[in-house]
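Participant: This is the structure I have questions about; it appears just below.
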Amino acid sequence: MTKRIAKLILAAFMVASLAGVASAKTFLSIATGGTSGTYYPLGGAIAQAVNKGAPDLQVTAETGNASVANLNLIGAHDIEIAFAQNDTAYWAYNGKMMFKTPIKNVRVIAALYPEHVHLITLKNSNVKSIQDLKGKRVSVGAPGSGVEADVRAIFQTVGLKYSDMKTDFLDFGTTTQRFKDNQLDAGFVVAGYPVSSIMDLATTKEINLVSFDDATLGKLTKDFPYFVKSSIPANTYKGVTSAVKTPAVMALLVVDEKVPADVVYKFTKALWENIDVVHKAHAKGKEITLKTALDGVTVPLHPGAAKYYQEKGMKLPK
């Protein structure tokens, strides 16, 4: 038995000893992201929803370093539940990209909301399609990041190579700053819209977002099952007046497989029966719905979560 799970059980036992078995609580923590991001406030809202619907669970949200770090915490049994993108979870489970050793104990509770590929360009750069990146100055994400791994997958599908362009490996903030300094022609950001740094960039530069054609989106989602077809609505960003077709990955709520099935069932049921708490807490929370709870699921469901979805008559992913 792992130390983290042992502590979880011990804590519940201690409460039971003091207050009686009927009032025993199971303590769960959710690893999120930084306090300025989306994961942290949503994690707090999810904890609030579950605590409301399952009085015998005590759930808290903790700051974290997002997908890769959170999955490593799950792999080490150092956290029970975490936020992670479905692409990163897929790589973790299969030991690909930045994960040299598979993390086979990661399981899914729910898909939450899409995080979109933003292929940003300036309107005067003559980049109208992804193939126009040839010969351009392009930011492809920070080295070893989920963004950069997504870009590699996209390039594999469309037949592009880093050597076809002048690549920079930059994070979100540095990417938008380089645009402001006229040092980039295009750059990739993967995040749920609206992205504050892109909104800020659009106030000082005339930007555009590149749309992906249907054939490319179809091939991409077939080649890499963690991508889903999606779009960014018109006028999400200043000057981008048409809807943008683009791939997206899904933010997932994942869990250590060693958390007991009855606990995960109670968590899942309480979450969906009190989802209005999440909807009210954050703009992105409104996109979290039972209808899309299994979209883009790329690693196995936890049996406790699967039981709830089966009770709701939903078709489970293979």
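The values are calculated or read from the model by the stated rules, or taken from the named source; none is laboratory data. Model, not experiment: these values are computed from the prediction. Here the Cβ is made from the backbone with ideal geometry for all residues, glycine too, and neighbour counts use every protein chain on show. What goes into the accessible areas is simple: the full protein's heavy atoms, side chains included, and nothing from ligands, DNA or RNA. Shrake-Rupley method; radii C 1.70, N 1.55, O 1.52, S 1.80 Å.
Participant: Pick out the one residue from Lys136, Lys128, Lys123, Lys96 that is among the basic types (Lys, Arg), without any contact (Cβ under 8 Å) to a residue 40 or more places away in the chain and over 20 Å from Gly285 (Cα atoms). Show your work before the answer.
Facilitator: On the way: Lys136 fails: without any contact (Cβ under 8 Å) to a residue 40 or more places away in the chain; Lys128 fails: without any contact (Cβ under 8 Å) to a residue 40 or more places away in the chain; Lys123 fails: without any contact (Cβ under 8 Å) to a residue 40 or more places away in the chain.
Every option except Lys96 fails the conditions.
Participant: Is it the case, given these coordinates, that Ile154 is aliphatic (A, V, I, L, M), under 22 Å from Gly239 (Cα atoms) and not in a loop (DSSP other than H, G, I, E, B)? Break it down into steps so the answer makes sense when it comes.
Facilitator: Numbers: aliphatic (A, V, I, L, M): yes; under 22 Å from Gly239 (Cα atoms): no; not in a loop (DSSP other than H, G, I, E, B): yes.
Judged against the criteria, Ile154 is not a match.
Participant: How many residues are in a helix (DSSP H, G or I) and either closer than 30 Å to Leu28 by Cβ or open to solvent by 30 Å² or more (accessible area, probe 1.4 Å) (or both) when one looks only at the range 217-258? Talk me through it step by step, then tell me what you get.
Facilitator: The initial filter retains those residues of the range 217-258 that are in a helix (DSSP H, G or I), namely 217-223.
Subsequent filtering for residues that are either closer than 30 Å to Leu28 by Cβ or open to solvent by 30 Å² or more (accessible area, probe 1.4 Å) (or both) retains 219, 221-223.
Counting residues in the range 217-258 that are in a helix (DSSP H, G or I) and either closer than 30 Å to Leu28 by Cβ or open to solvent by 30 Å² or more (accessible area, probe 1.4 Å) (or both) gives 4.
Participant: Could you please find all residues in the range 66-78 being open to solvent by 10 Å² or more (accessible area, probe 1.4 Å), under 12 Å from the mean Cα position of the chain (by Cα) and not β-branched (Val, Ile, Thr)?
Facilitator: Here is the first cut: in the range 66-78, the ones open to solvent by 10 Å² or more (accessible area, probe 1.4 Å) are 66-69, 72-73, 75-78.
Filter once more, so that each one left must be under 12 Å from the mean Cα position of the chain (by Cα): 66-68.
Hits for the range 66-78 are Ala66, Ser67.
Participant: Mind checking which residues of the range 160-175 are open to solvent by 30 Å² or more (accessible area, probe 1.4 Å) and under 22 Å from the mean Cα position of the chain (by Cα)? Spell out how you get there, then give the answer.
Facilitator: So in the range 160-175, the residues open to solvent by 30 Å² or more (accessible area, probe 1.4 Å) come out as 161-164, 166-169, 171-174.
Correct list: Phe169, Asp171, Phe172, Gly173, Thr174.
Participant: Could you pull out the residue among Lys291, Lys315, Lys286 that is open to solvent by 50 Å² or more (accessible area, probe 1.4 Å), without any contact (Cβ under 8 Å) to a residue 24 or more places away in the chain, out of contact with any strand residue (DSSP E or B) (no Cβ under 7 Å at 6 or more places or on another chain) and not in a helix (DSSP H, G or I)?
Facilitator: Every option except Lys315 fails the conditions.
Participant: Taking Val210 as the residue in question, decide whether it is farther than 27 Å from Ala69 by Cβ, surrounded by 17 or more Cβ atoms within 10 Å (Cβ to Cβ), of a type in the set (Val, Ile, Thr) and without any contact (Cβ under 8 Å) to a residue 40 or more places away in the chain.
Facilitator: Working: farther than 27 Å from Ala69 by Cβ: yes; surrounded by 17 or more Cβ atoms within 10 Å (Cβ to Cβ): yes; of a type in the set (Val, Ile, Thr): yes; without any contact (Cβ under 8 Å) to a residue 40 or more places away in the chain: no.
Answer is no for this residue.
Participant: Can you pull out every residue in the range 276-291 that is within 18 Å of the chain's Cα centre (by Cα) and at pLDDT 95 or above?
Facilitator: Scanning the range 276-291 gives Val278, His279, Ile288, Thr289, Leu290, Lys291.
Participant: Also, I was wondering about something else. Find the residue count for the range 296-312, including only residues that are buried (at least 19 other Cβ atoms within 10 Å of the Cβ), in contact (Cβ under 8 Å) with a residue 12 or more places away in the chain and either within 18 Å of Ala89 (Cβ to Cβ) or among the β-branched types (Val, Ile, Thr) (or both). Before the answer, list the steps.
Facilitator: To start, the set of residues in the range 296-312 that are buried (at least 19 other Cβ atoms within 10 Å of the Cβ) comprises 296-299, 301-302, 304-306, 308-309.
Now restrict to residues that are in contact (Cβ under 8 Å) with a residue 12 or more places away in the chain: 296-299, 301-302, 304-305, 308-309.
Filter again for either within 18 Å of Ala89 (Cβ to Cβ) or among the β-branched types (Val, Ile, Thr) (or both), leaving 296-299, 301-302, 304-305, 309.
So the count comes out to 9.
Participant: Next up: Give the residues of the range 176-196 that are open to solvent by less than 30 Å² (accessible area, probe 1.4 Å) and either farther than 21 Å from Lys134 by Cα or of a type in the set (Val, Ile, Thr) (or both), sorted by residue number.
Facilitator: Within the range 176-196, Thr176, Val189, Val190, Ala191, Gly192, Val195 qualify.
Participant: Here is a check on your reading of the model: is Val127 crowded, with 16+ Cβ neighbours inside 10 Å and outside any strand (DSSP E or B)? Give the derivation first.
Facilitator: Numbers: crowded, with 16+ Cβ neighbours inside 10 Å: yes; outside any strand (DSSP E or B): yes.
Criteria met by Val127.
Participant: Restricting attention to the range 259-275, which residues are open to solvent by less than 60 Å² (accessible area, probe 1.4 Å) and part of a helix (DSSP H, G or I)? Reasoning before the result, please.
Facilitator: Step one: filter the range 259-275 for residues open to solvent by less than 60 Å² (accessible area, probe 1.4 Å), giving 259-261, 263-265, 267-268, 270-272, 274-275.
The answer is Ala261, Val263, Val264, Tyr265, Phe267, Thr268, Ala270, Leu271, Trp272, Ile275.
Participant: Being within 20 Å of Lys318 (Cα to Cα) and open to solvent by less than 10 Å² (accessible area, probe 1.4 Å) is the requirement here; does Ile81 meet it?
Facilitator: Details: within 20 Å of Lys318 (Cα to Cα): no; open to solvent by less than 10 Å² (accessible area, probe 1.4 Å): yes.
Criteria not met by Ile81.
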